[in-house]
Amino acid sequence: MRAFLTAVSVCLVAPSLASAQPRILIQAFGGRSLPVNLEGGMASGSQPLSEAECLANQQIQFEITNIPATATMTTNVFAVWRASRGTACTMASQRMPMGGTPPCTFVVASPAITMTTMTMTIGASELFGGDCTMDDEFQFNFLIVPSASDTATEVAATNAASVIIKLDVTPPDAPTLGGPAAGDTMIEVVWDNPDGVEPLHSANVYVDTAGCDASGNVIPGSALTGGGAPPSGVMRYAFEGTAVESATLNGETLGLMEDEWAAVAVTIVDRARNESVLSTPVCIQRVNVVGIPEDHCMERGLSIEECAALYRCAAAPGAGRSWLAAIGLAAIGLTLALRRRGRR
Amino acid sequence: VKRLLAAIAVLAATAPATAQDRTDAAREDGSVVGSDYAVDPIFVPSPETFTFELRVGSYQPEFGPAFEATIAGDLGPFLGAELDVHIVRIPYVGPIAIGVGFAWGEWTGPARADTTTPTTANVGSTGLSLVDLSALAVLRVDVLARQLDVPLVLSGKIGLDVGYSQAGSGGMTRLEGWSLGLRWAAQVALELDFLEPRAARRLDDEWGINHSEIFFELFGSTMGQWAGDQMPVGTSLAWTAGLGITF
């Protein structure tokens, strides 16, 4: 019985403690979509920060809600402390230098807390103390303390909140393009991603319409160089997907005339938005694609346009009436059958 | 209790016609249990009004020699369903029904690049799709199954075929249109009731399904073959097989 009561009391207390704790929501920034989850791991929703975002000191907005009302009554602030994952920094000993380097590092502090909801904007570089090369996962602890420099307060769990942010500075390896492709309004470019590549955010397909000669060979010195950095002066098409390995381009949209070539190279982008180097480029060609309809019309001695006009216009009116007739027949039959069944 | 039942039996034997009828009814529904009159209920099948068929088969439209070369023997599959409504039963022959059918098929093959500079690149696929609607008069000859205990039902069908088809290549639809034609079909069906007669009866008692069957059907269609302005998607001979129920 005692064990049962204890279990009940834990069940009753635990949610109330959780609900009293401040909560942090990271708002969308840069090209990220909501809700932003900056953790690592294999979960599809996780989006680590990239080195580029860190170096650019991308401003990240942290919306903190559910702040205890008692925290607003005095000149409390939120102090942000960085630590390894699992370290809450609520104990003073974790924040205070005691002859060695403490496990928690001070990042920044907010202005005085005046409301139960507030927003803090912190630069990505600032979060990592200006060191954007750390390829690791960190826990950022938001502690309600009397002053920014406070290291002595033992912070209650109800006065702390944390988020996990991973800094991923390693881009994936370049993909391998499958070979030349051709088509008219649908030119399918396919590639193989490196073995064991992490879940991706997207792939970028770069197109240089002046990158191939008339025989379909990549011109040396083209803007697209295998193993090189993605260029800025050529067309880029992004295709999202965690394991994207193909893209369909429209020859017309690319501005290619029939029989013209263009050079294509691909990069892949991980969830931290680190972009690989360019794949080895290949040439694609816009061609007139023919098949069943063109062959059929040729057999009839008609152009595809004449053929299409003939079939589209002539049969539809008659067919419409026939379809109505079929429905009518079915309805009559159904009625007769149901009446017959009803009489039995 | 025995005396009581004996008395009831005597009374029943000597009772007027109406009482006799009641006793017969009790025999039929098996309510006189434990007496000399206890019998299996006489099975009274529910009326047969509909036949429904689900089918899969092969179909190749006669769309020209190049089509046949491109699809290289792609026979569909051709998927469909048909509902027949029994209108009248010809004694010792079987029911005449009218039916509506729906079917779908798609045939694809590799497209080609029409270019002066030969390319080995994959340029996509080319294909033809057909949605087929039919209104049919159906004669189901079930006399073998009903009178001679041979579980075969033969059917003949004839009616109107209406098809909507699209043909395209390289991701673009180039041709589309409606086609009309005559549809015929000959079907042989094996009724499955003989495998488990009690289960078949129970199916009728509980669900009103009189018979279930597997069938094989040969058919043809002249869709688009009589008019030069319709897509010729008919075929001289195709087949389907499937499962049917009569209810």
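The values are calculated or read from the model by the stated rules, or taken from the named source; none is laboratory data. This structure is a prediction, so every number in the text was calculated from the model and none was measured. Quick reminder, even Gly has a Cβ in these numbers, built from the backbone with ideal geometry, and neighbours come from all protein chains shown.
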Quick check, is residue A:107 surrounded by 16 or more Cβ atoms within 10 Å (Cβ to Cβ), of a type in the set (Val, Ile, Thr) and within 22 Å of residue A:53 (Cα to Cα)?
-> yes
Odd one out for residue B:163, checked against (1) under 21 Å from residue B:182 (Cβ atoms); (2) without any contact (Cβ under 8 Å) to a residue 40 or more places away in the chain; (3) at the interface with chain A (Cβ under 9 Å from one of its Cβ atoms) | (2)
Of all strands (runs of 3 or more DSSP E) fully inside segment B:72-143, the set with 1 or more residues that are more than 7 Å from chain A (Cβ to nearest Cβ) is B:78-90, B:94-110, B:125-141
Criterion violated by residue B:66 - all others in (1) assigned to a helix (DSSP H, G or I); (2) touching a helix residue (DSSP H, G or I) at 6+ places or on another chain (Cβ under 9 Å); (3) modelled with pLDDT of 90 or more satisfied | (3)
In segment B:41-60, the residues that are in contact (Cβ under 8 Å) with a residue 40 or more places away in the chain, more than 10 Å from every other protein chain (Cβ to nearest Cβ) and either in a loop (DSSP other than H, G, I, E, B) or within 20 Å of residue B:105 (Cα to Cα) (or both) | B:43, B:45, B:52, B:53, B:54, B:55, B:56, B:57, B:58, B:59, B:60
Scan segment A:100-120 and give yes if some residue there is touching an Asp or Glu at 6+ places or on another chain (Cβ under 6 Å), part of a loop (DSSP other than H, G, I, E, B) and at pLDDT 90 or above, otherwise no.
-> no
Kindly list, by first and then second residue, each pair from a residue in segment A:169-186 that is within 7 Å of another protein chain (Cβ to nearest Cβ) to a residue that is of a type in the set (S, T, N, Q) and in a strand (DSSP E or B), limited to pairs with Cβ atoms under 8 Å and residues at least 6 apart or on different chains.
-> A:180/A:285; A:181/A:285; A:182/A:285; A:184/A:288; A:186/A:248
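Among the residues of segment A:240-255, which ones are buried (at least 19 other Cβ atoms within 10 Å of the Cβ) and away from every other protein chain (no Cβ under 12 Å)? Show your work before the answer.
As a first pass, look at segment A:240-255 and keep what is buried (at least 19 other Cβ atoms within 10 Å of the Cβ): A:244, A:247, A:249, A:251.
A:244, A:247 - these are the residues of segment A:240-255 that are buried (at least 19 other Cβ atoms within 10 Å of the Cβ) and away from every other protein chain (no Cβ under 12 Å).
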Do any strands (runs of 3 or more DSSP E) lying entirely in segment A:146-229 carry at least 2 residues that are of a type in the set (Ser, Thr, Tyr) and surrounded by 18 or more Cβ atoms within 10 Å (Cβ to Cβ), and which ones are they?
-> A:200-208
